[in-house]
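The values are calculated or read from the model by the stated rules, or taken from the named source; none is laboratory data. The structure displayed is predicted, hence computed values, not measured ones. With ideal geometry, Cβ positions are generated from the backbone for all residues, glycine too; neighbour counts draw on all protein chains shown. Keep in mind that these areas ignore ligands, DNA and RNA; they rest on the heavy atoms of the full protein, side chains included. Shrake-Rupley method; radii C 1.70, N 1.55, O 1.52, S 1.80 Å.
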Amino acid sequence: MQADEIGHIIQLAIAPVFLLTGVGTNMLVLTNRLARIIDRSRYLEEQLESQEAGSADRHALYRNELSILFRRAKKINRAILLSTSCALLICVVVAGLFIADALNLRLASIIAGIFVLAMIALTGSFVYLLREIWLATEFMNTQQAFTKSR
C-alpha cells in the first residue's frame, strides 16, 4: 500500500471521526443529566428515611418526585445506550472504510447501511433526551402550580 492510498483512506475516515466527537459530547451531556437525577434521588430517599420528612403530604410529594426521577433515568439510560451504539457503529464504519480500501473490497453498501444504523441510533438518543427534558419540564411546571396554589 502506498502513502497516497493511506492518505485517501484517512480522508474518507475524517467525517465519521468528527461525528464520533459529537456523539462523545452528547454522551457527556447524557451522563451529567443522569448523575443529577441520581443525586436528587438519593437526597429524596434520605429525606424519606429521616424524621425531617414528617408529614404525609411531604412523603407523598417525595414519592411522586422519585417516580418521575425513575422515569427520567430510564429515558436517559436508553439515550446513553443508543449513543453508545451509535459510537460503536461509527467505529465499525471507520474500520470498514480502511479495510475496504486497503483490500480493494466492495463494501460500500454495507458501510453505508452501518452508517445509516448509526444515524438512526443517534436520532433515537436525541428523541429520548428530548422526552426526558419534557418530563423534567412538565414536573417543574406541576411543582410550580402546586406551590402557587398553597
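Dividing the summed -39500 (n - 2.57) terms of all DSSP H runs of n ≥ 4 by the residue count of the chain sets its mean residue ellipticity at 222 nm at -34000 deg cm²/dmol. Modelled spin-label separation between ASN64 and ILE99, with each label point placed 7 Å from Cα along the Cα-to-Cβ direction: 5.4 nm. Against the empirical 2.2 N^0.38 Å (N residues), the range 62-140 has a Cα radius of gyration ratio of 1.54.
For the chain, the solvent-accessible area with a 1.4 angstrom probe is 65 square angstrom per residue. Building the convex hull from the alpha-carbon atoms of the range 7-112 and averaging its projection over directions returns 8.1 nm². Over the range 28-117, Cα pairs under 8 Å with separation of 6+ residues give a relative contact order of 29 percent.
With each label modelled as a point 7 angstrom along the Cα→C-beta vector, the SER41-ALA108 pair spans 4.7 nm.
One decimal place: the segment VAL127-HIS8 gains 39.3 nm when fully extended, by the rule 0.36 nm per residue minus the C-alpha distance. PRE reach from MET119 (point 7 Å along Cα→Cβ): which of the range 10-45 fall under 17 Å by backbone N? Under cut-off, by backbone N: 13-23. Within the accessible surface of the chain, defined with a 1.4 Å probe on protein heavy atoms only, the carbon and sulfur portion equals 62 percent.
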